[in-house]
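To keep things clear, I will list the structure first and then write my remarks on it.
The values are calculated or read from the model by the stated rules, or taken from the named source; none is laboratory data. Just so you know, these numbers come straight off a predicted model, no measurement behind them. Neighbour counts run over all protein chains shown; Cβ positions are idealised from the backbone, glycine included. Remember, those area values only see protein heavy atoms, side chains included, never the ligands or the DNA or RNA. Shrake-Rupley method; radii C 1.70, N 1.55, O 1.52, S 1.80 Å.
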Amino acid sequence: MNLKFPENFFWGCATSAHQVEGNNKNNDWWRAEQIGEVPYKSEEACDSYNRYQEDFDLAKKMHNNAHRFSIEWSRIEPREGNFNQNEIEHYRKVIHALKERGMEPFVTLHHFTNPIWFADIGGWANKKAPFYFARYAEYVVKNLGEEVKYWITINEPNVYVGMLALGYGPWTHWPDQSRKNFFRFMRLAKNMTKAHKKAYKKIKKLQPNSFVGLNHGNVFVGRANNNLVTYFVWFLVNWFKNKLFLNKVARYLDFVGFSYYTRVIITPSFSNPETWVRWEHKDDRPVADGGWEIYPQGIYFVTKQAMRYKKPIFIFENGIADADDDQRSMFIKNHLRWLHKAISEGADVRGYFYWSLLDNFEWAEGFKQKFGLVEVNFNTFERKARPSSIFYAQICKDNELKI
Ligand code: BGC
């Protein structure tokens, strides 16, 4: 059977600046890496700042017709109010390189990193954070707006804020995690939603025909059993994880974008409160290298849930850490099968981006987790396409999945 995807569907891969570019010395992650606040150093990362042409050749070989990457705020505005036109020209070249290869650029303006000056005034806790972010967004769009139609203001604000203010799940050891509490969570969340709205308005004013949205980090929230406590906790977690931000910014979105990797399971147990929200699955279910459960049905449920916003939907990240590359093709196949089911039931999905094109700097986990369709040797920077990239290429080429 062949599962056809909608006409003009976007197929691509996603990356982010700090994870692939290398030498982003002016941001808070770099600083945290240098002082040991986070356990690994990004250093040259994939050296994509210099090797982007080679990267895009690989994406083109995969028949991608779109590519998602991020602009590094700390390069554009290394000091408060001081904008660097050379870096704008760099990103212009990056965008041209994509277009020359027939790929639509999807540009993220914030993917987890902040300029050091911004971090030093309190980062996202500062009341003026929305103003600073929107000013940066406006500058970028004034300069590059003619070249780009799809803008993603902020990557996974819900994940980011949760990481900073609560430090939950698999990702502890992030910069600026010293004060974890719920009030901080609400404050950061409020500033990030405000920042999105402000940036949205500015971008649309400059470029009314653009499509502006954000990328939300969704998970499927499952229940281990059905008692009242479980249901209550499930409701809260689902609301916090999958709805809080989107509900707040829904009027300021031309599309809804989300990442989907795995599910969490709610298992309230009064003897062991730590396991109420279970991320890692050590039992008989298939898992990725880092321990995340592989749960393809989840992409169907979260896509269906996203339909409530009545906007076009993009899957901006879906991928697996799989160094041996023995699960990746199956992972993509099964997720696309479930995504197709959601589409056949009316979900207006416009694109799918695999995370990631390359093995890269996986934040507090360093270079250990291998998400890439392309393997990177971090000593020589040599790129080597994995067999799964051939599998993905066929899907992108045919705009259909053969099952
Ligand atoms: C983030 C990426 C990260 C990926 C895999 C996503 O939530 O946006 O930056 O590499 O997860 O962990």
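Observations on the model:
- Computed Rg/Rh of the chain, alpha carbon atoms with Kirkwood Rh: 0.93
- The distance from the alpha carbon centre of the range 114-132 to that of the range 361-384 is 30 Å, rounded to a whole number.
- Applying the Karplus relation 6.51 cos²θ - 1.76 cosθ + 1.60 with θ = phi - 60° to the range 325-338 yields 3J(HN,Hα) values of 6, 9, 10, 5, 4, 5, 4, 5, 4, 5, 5, 5, 4, 6 Hz, where x marks Gly and Pro.
- What the phi angles of the range 58-66 give under the Karplus curve with 6.51, -1.76 and 1.60, with θ = phi - 60°, is a coupling list of 5, 5, 5, 4, 7, 6, 5, 10, 7 Hz, glycine and proline written as x.
- Excluding ligands, DNA and RNA, the accessible surface per residue across the chain is 41 Å² with a 1.4 Å probe.
- Mean separation of Cα contacts under 8 Å, 6 or more apart, over the residue count of the chain: relative contact order %: 20
- Amide H to amide H, with H built 1.01 Å from N, Arg386 comes under 5 Å of Val374, Glu375, counting only residues 5 or more places away or on other chains.
- Long-range HN-HN contacts of Gly290 with modeled amide H, under 5 Å: Ala321
- Whether the range 282-403 is rounded, prolate or oblate, judged on the alpha carbon gyration tensor where a/c under 1.5 counts as rounded: prolate
- Gyration tensor (alpha-carbon) shape descriptor, the range 244-342, a/c threshold 1.5: oblate
- Here the Karplus relation 6.51 cos²θ - 1.76 cosθ + 1.60, evaluated at θ = phi - 60°, turns the backbone of the range 142-152 into coupling constants of 4, 8, 10, x, 5, 9, 10, 9, 10, 10, 10 Hz, with x for every Gly and Pro.
- Surface composition of the chain: carbon plus sulfur atoms contribute 51% of the solvent-accessible area (1.4 Å probe, protein chains only, all chains present).
- Distance-filtered residues of the range 20-34 - backbone nitrogen under 15 Å, label point 7 angstrom along Glu54 Cα→Cβ: 20-22
- Check: the chain dipole with +1 on Lys, Arg Cβ and -1 on Asp, Glu Cβ, in debye: 1940
- Where Cα atoms sit under 23 Å apart: lysine pairs in the range 28-112 separated by 8 or more or lying on different chains: 4
- When the charge dipole of the range 51-90 is built from unit charges on Cβ atoms (+1 for Lys and Arg, -1 for Asp and Glu) and taken about the Cα centre, the candidate among Ile76, Asn86, Asn65 whose Cα reaches farthest toward its positive end is Asn65.
- Cα-based shape type of the range 60-211, given that a ≥ b ≥ c are square roots of the gyration tensor eigenvalues and the cut on a/c is 1.5: prolate
- Other-chain or far-sequence residues with amide H under 5 Å of Gly222's (modelled H): Val264, Ile265, Ile266
- Rounded accessible area of Phe220 (nearest 10 Å², 1.4 Å probe): 40
- In terms of accessible area, using a 1.4 Å probe and ignoring ligands and nucleic acids, Glu345, Glu146 rank largest first as Glu146, Glu345.
- Those lysines that a straight Cα-Cα span of less than 21 Å connects to Lys243, excepting residues fewer than 8 apart in one chain: Lys190, Lys194, Lys197, Lys198, Lys304, Lys310, Lys311
- Summing +1 for each Lys or Arg and -1 for each Asp or Glu among the other residues whose beta-carbon sits under 13 angstrom from that of Lys99 gives +1.
- As a ratio to 2.2 N^0.38 Å, the alpha-carbon radius of gyration for the range 157-268 is 1.19.
- Only beta bridges with both residues in the chain are counted; by DSSP, about 25 percent of them are antiparallel.
- Relative contact order, percent, the range 239-365 [alpha-carbon distance under 8 Å, six or more residues apart]: 26
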